[in-house]
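These notes concern the structure reproduced below.
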Amino acid sequence: MSYRQHFAIVWQRFITENFDSPAHAAHVFQVDASTAANWWTGQNAPSGWVVGRAIADPLLRDAALHLLTGQP
């Protein structure tokens, strides 16, 4: 499995654990519904700006860093 494929799975876990639905994630990250739906199913991973936004958000920071780095 490539890192890109692995990251899509990691991001899917982050999205499904921290958002109620793809629509909720789309609203928070200001992306279209199909983009968020693809994250929800693990078909795609986001660009760097979305990851940066997750880390910059005080409510998402800990969860994002934990999943992305594997550290508590």
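The values are calculated or read from the model by the stated rules, or taken from the named source; none is laboratory data. Predicted model only: the values in this text are computed from it and were never measured. In this analysis, Cβ positions are derived from the backbone assuming ideal geometry, glycine residues included, and neighbour counts consider all displayed protein chains. Each accessible area value is taken on the protein alone, full model and side chains, heavy atoms only, with ligands, DNA and RNA left out. Shrake-Rupley method; radii C 1.70, N 1.55, O 1.52, S 1.80 Å.
Between amide H atoms placed 1.01 Å from N, distances below 5 Å from residue 44 occur with 39, all of them 5 or more places distant or on a separate chain. Every helix of 4 or more DSSP H residues in the chain counts as -39500 (n - 2.57), and over all residues that averages to -21000 deg cm²/dmol at 222 nm. Per-residue Karplus couplings for region 35-47, computed as 6.51 cos²θ - 1.76 cosθ + 1.60 with θ equal to phi - 60°, are listed in order as 5, 5, 5, 5, 5, 4, 8, x, 6, 9, 10, x, 7 Hz, Gly and Pro entered as x. Ordering 68, 60 by accessible surface, largest first, gives 68, 60; the 1.4 Å probe counts only protein heavy atoms, with every chain in place. Of the heavy-atom accessible surface of region 3-69 (probe 1.4 angstrom), what whole percent is carbon and sulfur? Within region 3-69, the accessible surface is 53 percent carbon and sulfur.
I need the peptides 43-49, 22-28 ranked by packing, meaning the mean over residues of other C-beta atoms within 10 angstrom, with the highest value on top. Walk me through the intermediate numbers first.
Details: 43-49: 13.6, 22-28: 17.1.
Most protected by this proxy first, the peptides run 22-28, 43-49.
Karplus-derived 3J(HN,Hα) values for region 3-10, using 6.51 cos²θ - 1.76 cosθ + 1.60 with θ = phi - 60°, are 4, 4, 5, 4, 5, 4, 5, 4 Hz; glycine and proline are entered as x. Protection proxy ranking of 51-58, 5-12, by the mean of other Cβ atoms within 10 Å over each peptide's residues and highest first, is 5-12, 51-58. Rolling a 1.4 Å probe over the protein heavy atoms gives the chain an accessible area of 63 Å² per residue.
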